[in-house]
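> I'd like to ask some things about the structure below.
What follows is calculated from the coordinates using simple rules that are stated; it is not laboratory data. Since the model is a prediction, treat every value here as computed from it, not as a measurement. Cβ: placed from backbone, ideal geometry, glycine included. Neighbour counts: every protein chain shown.
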Amino acid sequence: MATTSDELLHRATAPAPDEATTVDAPGAGRAAGPGLPVPGKHPEFPELADVEDPREVAPGDARELTRVLLARLSTLEEGTAEYSYVRATLIELNLSLVRYAIRRVGNRQEPEEDLLQVGSLGLIKAIDRFDLDHGAEFVTFALPTILGEIRRHFRDATWAVHVPRRLQELRITLAKARDVLFQRLGRSPTVAELAEHLDLSEGEVVQGLAAANGHTAGSLDAPGNEGEEDLGPLAQRLGGEDTRFDTIESLIVLKPLVAALPERDRMILSMRFGEELTQSQIGARLGLSQMHVSRLLNRTLTSLRAGLTAT
C-alpha cells in the first residue's frame with residue numbers, strides 16, 4: 001500500500017519517543033501523526049502565531065517564513081522536539097515546490113502520490129543541506145534537488161527491464177534528436193540520419209532505440225487493436241517455434257543424397273525406416289546375414305550424415 005504524504009513526513013521528522021511532544025494550540029485542529037508536532041500557535045515560535053496550516057500559506061509569505069524558519073533551525077539542536085517542529089513546518093510549508101516540480105517533469109504514468117513521496121524526500125534533503133551563509137534563495141537550491149530526486153526515481157524505479165544508465169540517457173537524447181529531425185525533414189529520420197546528427201555510430205543508435213522498448217512492458221493479456229483480424233489476448237496470438245521446419249530442411253537435403261546411393265542401399269533404408277523391419281528380416285529378404293545388413297546400414301548412414309554436415 002502506498003504511504004501517504006503525512007506518514008512520510010512523520011517518519012522523516014518525528015523525534016525520538018522520549019522527546020516527542022504534541023502541541024495543544026488554540027486553533028490547531030488539523031490532524032497530525034503520533035509524535036509529529038502540530039504546526040500552529042507555539043509559545044516558543046511567535047513567527048508561527050498566525051499560521052494554522054503551513055500548506056495554506058500564500059507563496060510570498062511562505063518564502064519569507066521559510067527564510068525565518070531556516071535561520072531558526074540552524075540555531076536548534078538536531079533531535080530535539082523544537083528542531084523537529086520547525087523542520088516539519090518547513091516541509092509542509094514548501095510542499096507546493098514538490099507539486100510544481102512534478103508538473104515540471106511532465107505527464108507521467110506514475111501515480112502522483114508516489115511522485116509526491118519521492119519529491120518530499122528531495123525537499124527534506126534540501127532543508128537538511130541548505131546553508132544560509134551562501135546567500136542563495138532556498139527555492140533556488142531546493143528545486144533542482146527535488147527535480148533530481150524525481151528524475152532519479154524515473155531512472156531507477158520505473159523501467160520494466162533493467163537497462164544500463166548510458167542507454168537510458170541515450171534514449172532521451174535520441175527522442176530529442178528525432179523531434180528536431182522530424183521538424184527539419186518532415187518525416188521520421190532514419191538510423192543513419194540520427195547517427196550523423198548525433199555523431200554516433202549506427203550500432204549505438206540501434207542500441208538506444210532498442211533500449212527504449214525496455215521502459216514499459218506490454219501485457220500478454222492485452223486485447224488486440226481495432227482493425228486487427230484477431231482481437232484476442234496477445235498470448236493467444238504469439239507464434240511458437242515449429243521444429244518440423246528442421247525436419248523438412250533435412251529431408252530436402254537428404255533427397256539427392258539418397259538418390260545417389262546404390263539400389264541395394266536404398267532398399268535397405270526403405271525397409272529399415274519405411275517398413276520398420278528388423279535387420280534380421282531385411283537379411284532374410286535379401287539373402288544376407290544380419291551382421292552384413294548391419295555393416296551396410298552403418299556405412300550408408302555415415303555417408304548420409306557426412307553429406308548433411310557438409311551442406
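> What list of ³J(HN,Hα) couplings, whole Hz, do you get for the range 280-286 from phi and the Karplus terms 6.51, -1.76, 1.60, once you set θ to phi - 60° and write x for glycine and proline?
My calculation for the range 280-286 gives 5, 5, 5, x, 5, 5, 8 Hz in order.
> Right, here's the next one. Show me 143-152, 254-263, 193-202 ranked by packing, highest mean number of other Cβ atoms within 10 Å first. Please list the in-between numbers first.
Values: 143-152: 18.4, 254-263: 11.7, 193-202: 15.1.
Per-residue Cβ counts within 10 Å, averaged per peptide and sorted highest first, yield 143-152, 193-202, 254-263.
> Give me the one-decimal nm value for the distance between modelled label points at His162 and Ser219, 7 Å along each residue's Cα-to-Cβ direction.
The answer from the label model is 2.7 nm.
> His292 versus Ser280, label points 7 Å from Cα toward the beta carbon: distance in nm?
With each label point 7 Å from Cα toward Cβ, the separation is 1.8 nm.
> Using 7 Å Cα-to-Cβ label points, what is the Glu241/Arg104 separation (nm, one decimal)?
Label at Glu241, label at Arg104, 5.0 nm between them.
> Can you tell me the length gained on complete extension of the stretch Arg305 to Val180, counting 0.36 nm per residue apart and subtracting the Cα distance? It would help to have the intermediate numbers written out before the result.
On the way: separation 125, 0.36 × 125 = 45.00 nm, distance 5.74 nm.
Contour length minus the Cα-Cα distance gives 39.3 nm.
> Per residue of the range 184-194, what does 6.51 cos²θ - 1.76 cosθ + 1.60 with θ = phi - 60° give for ³J(HN,Hα)? Whole Hz please, x for Gly and Pro, Karplus curve as stated.
Taking θ as phi minus 60°, the curve returns 7, 9, x, 7, 5, x, 7, 4, 5, 5, 5 Hz for the range 184-194.
> So what J values fall out for the range 110-125 if you push phi through Karplus, 6.51 cos²θ - 1.76 cosθ + 1.60 with θ = phi - 60°, rounded to Hz, Gly and Pro as x?
Once rounded to whole Hz, the list reads 5, x, 4, 4, 5, 5, 5, 5, 5, x, 5, 4, x, 4, 4, 4.
> Please compute the Kirkwood hydrodynamic radius of the range 71-159 from all pairs of different C-alpha atoms, in Å with one decimal.
Hydrodynamic radius (Kirkwood, Cα pairs) of the range 71-159 is 13.8 Å.
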